[in-house]
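Engineer: Here it is: the structure, laid out below.
Nothing in this text is a laboratory measurement; each read-out follows from the coordinates by a stated rule. Every value quoted in this text rests on a predicted model; they were computed, and no experiment measured them. Neighbour counts run over all protein chains shown; Cβ positions are idealised from the backbone, glycine included.
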């Protein structure tokens, strides 16, 4: 595939409609993206020195993963070259690391979920065994199918990946990506979802482990009636950098999106970044969207950066809004619990569990919900 450019910022185009000023460039060509310096808006929060060469071309494929793929009856898997028409169809890379991952993978994996499928979840247990790995996964969900895909990342290594979801007309997809890496792992990935008419897509991102995790979930619509829900939960410990950069691009009429991300941070130099971008283009009349991010700072040295961006290019919408808040544990809540004989550490755990429980209950995969609850408890016990 050749180079692709997105819309360039500007007051209008030949039709007189305004253009977006966000995310004006996407490309499959690495050279279309200059090596970042950290001064660019899309890189200013990311510690480039900890990317292990993913951003400047120094990283080369020299690692391996142990992959356990569990496919229910009817779902198929195949290895394809990058010239397969399904590869890259959900969206082009939007930064240099994603473009490098696209240019460097050896074979892409394509999972095909057949029309009207209603079987068990697809499970991918991916255990990094060291070194650098570039990968590309396509999940092609045919019309009217109902699929759950769970990817569990563990182990160590340096990983750059693109994951594409092609969601057919009337299909319903839940995608769970669990980042439970060892403390030295680096993981950078772009998640693309392309929704058909009346399609439903739920993205659930849980980031717990790793030295640096930077994920970029993105949603675009191809026909009216699309419904996207993006849920995220993260818990950063001392020295960890967990970054989530989202874009929901409403470019067709009468679609819906909801974004809810929550994070907790504790320890020296624990750092989280949440960038929530929503574009409602001029042609996307009847859009209904809302995005929300909240961060709970459990220690003084932790830092959370939260930047919601909502760009509305038409006045004919059903609703749009965003909210962002970061703060410490509520002293009144702690006092209330302690006044009733609950020890301080227990009171603290109860408040954090309450903070996360609403999201955990929406994951929709019981064994994943149980594991996340246990992981939150383990984080609090440190």
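Engineer: Full extension from residue 301 to residue 66: what is 0.36 nm times the residue separation minus their Cα-Cα distance, to one decimal in nm?
Structural biologist: Stretched fully, the residue 301-residue 66 segment lengthens by 81.0 nm.
Engineer: Next question, about the same structure. Of 272, 251, 49, which has the largest mean-square fluctuation in a 10 Å C-alpha GNM of the chain?
Structural biologist: Result for the chain, Cα springs under 10 Å: 49 fluctuates most.
Engineer: On a full-extension model of 0.36 nm per residue, what is the gain between residue 342 and residue 378, subtracting their alpha-carbon distance, rounded to one decimal in nm?
Structural biologist: So the chain would gain 11.0 nm between residue 342 and residue 378.
Engineer: What ranking of 46, 154 emerges when the number of other C-beta atoms within 10 Å of each C-beta is taken as an exposure proxy, fewest first?
Structural biologist: 154, 46
Engineer: What translational diffusion coefficient, to the nearest whole µm²/s, does segment 152-258 have by Stokes-Einstein, given a Kirkwood radius computed over alpha-carbon pairs, a temperature of 37 °C and 0.692 mPa s viscosity?
Structural biologist: Rounded, D is 230 µm²/s.
Engineer: Something else now. Report the percentage of all Cα-Cα pairs in segment 39-185 whose separation exceeds 29 Å, rounded to a whole percent. List each step's numbers first, then the result.
Structural biologist: Working: 2007 of 10731 pairs.
Percent of Cα pairs beyond 29 Å in segment 39-185: 19.
Engineer: Helix-only mean residue ellipticity at 222 nm, the chain, DSSP H runs n ≥ 4 weighted -39,500 (n - 2.57), per residue, nearest 500. What is it?
Structural biologist: About -4000 deg cm²/dmol.
Engineer: Please compute the Cα-Cα pair-distance distribution of segment 243-382 with 10 Å bins starting at 0, giving whole percents from short to long.
Structural biologist: All Cα pairs considered, the percentages come to 11, 32, 31, 18, 8, 1.
Engineer: Something else: For the residues 345, 169, what sequence is obtained by ranking on other C-beta atoms within 10 Å, fewest first?
Structural biologist: Listing 345, 169 from fewest to most nearby Cβ atoms yields 345, 169.
Engineer: Moving on. For the chain, what D do you get in µm² per second when you plug the Kirkwood radius from alpha-carbon pairs into Stokes-Einstein at 25 °C and 0.890 mPa s?
Structural biologist: Details: Rh = 21.3 Å.
Answer, rounded: 115 µm²/s.
Engineer: Also, quick follow-up: Could you check the simple spin-label distance between residue 238 and residue 31, using points 7 Å along Cα→Cβ, in nm with one decimal?
Structural biologist: 4.7 nm
Engineer: Starting with the highest mean, order 295-302, 226-233 by the number of other Cβ atoms within 10 Å, averaged over the residues of each peptide.
Structural biologist: By packing density, highest mean first, the sequence is 226-233, 295-302.
Engineer: Take residue 89 and residue 328, extend 7 Å from each Cα along the Cα→Cβ direction, and tell me the distance between the two endpoints in nm.
Structural biologist: That separation, rounded to one decimal, is 5.3 nm.
Engineer: Pick out which of 31, 41, 316 has the largest mean-square fluctuation in a Gaussian network model of the chain, springs linking Cα atoms closer than 10 Å.
Structural biologist: Residue with maximal mean-square fluctuation among 31, 41, 316: 41.
Engineer: Only Cα pairs within less than 10 Å get springs; with that Gaussian network setup on the chain, which residue of 245, 197, 328 has the largest fluctuation?
Structural biologist: In this elastic network of the chain, the residue with the biggest mean-square fluctuation among 245, 197, 328 is 328.
Engineer: In addition: Round to the nearest 0.05 the FRET efficiency obtained for residue 288 and residue 115 when R0 = 25 Å and r is the Cβ-Cβ distance.
Structural biologist: Values: r = 28 Å, r/R0 = 1.12.
Between residue 288 and residue 115 the formula returns 0.35.
Engineer: Further question on the same structure: Neighbour counts of other C-beta atoms within 10 Å: give me 279, 351 arranged from fewest to most.
Structural biologist: Result, fewest neighbours first: 351, 279.
Engineer: Could you grab the relative contact order for the chain? Cα pairs under 8 Å, six or more apart, rounded to a whole percent. Provide the component values of the computation, followed by the final result.
Structural biologist: On the way: 1032 pairs, mean separation 37.1, N = 382.
Rounded, it is 10 percent for the chain.
Engineer: What spacing in nm lies between the two simple spin-label points modelled at residue 82 and residue 42, each 7 Å away from Cα in the Cβ direction?
Structural biologist: Using points 7 Å along Cα→Cβ, the separation is 1.6 nm.
Engineer: What order do you get for 112-121, 373-382, 172-181 when each peptide is scored by the mean count of other beta carbon atoms within 10 Å, highest first?
Structural biologist: Output ranking for 112-121, 373-382, 172-181: 172-181, 112-121, 373-382.
Engineer: How high is the FRET efficiency between residue 21 and residue 103 when r is their beta carbon distance and R₀ equals 25 Å, given to the nearest 0.05?
Structural biologist: Working: r = 28 Å, r/R0 = 1.11.
With a Förster radius of 25 Å, E is 0.35.
Engineer: Measuring from centroid to centroid over Cα atoms, what is the spacing of segment 341-382 and segment 255-303 in Å?
Structural biologist: Here the answer is 20 Å between Cα centres.
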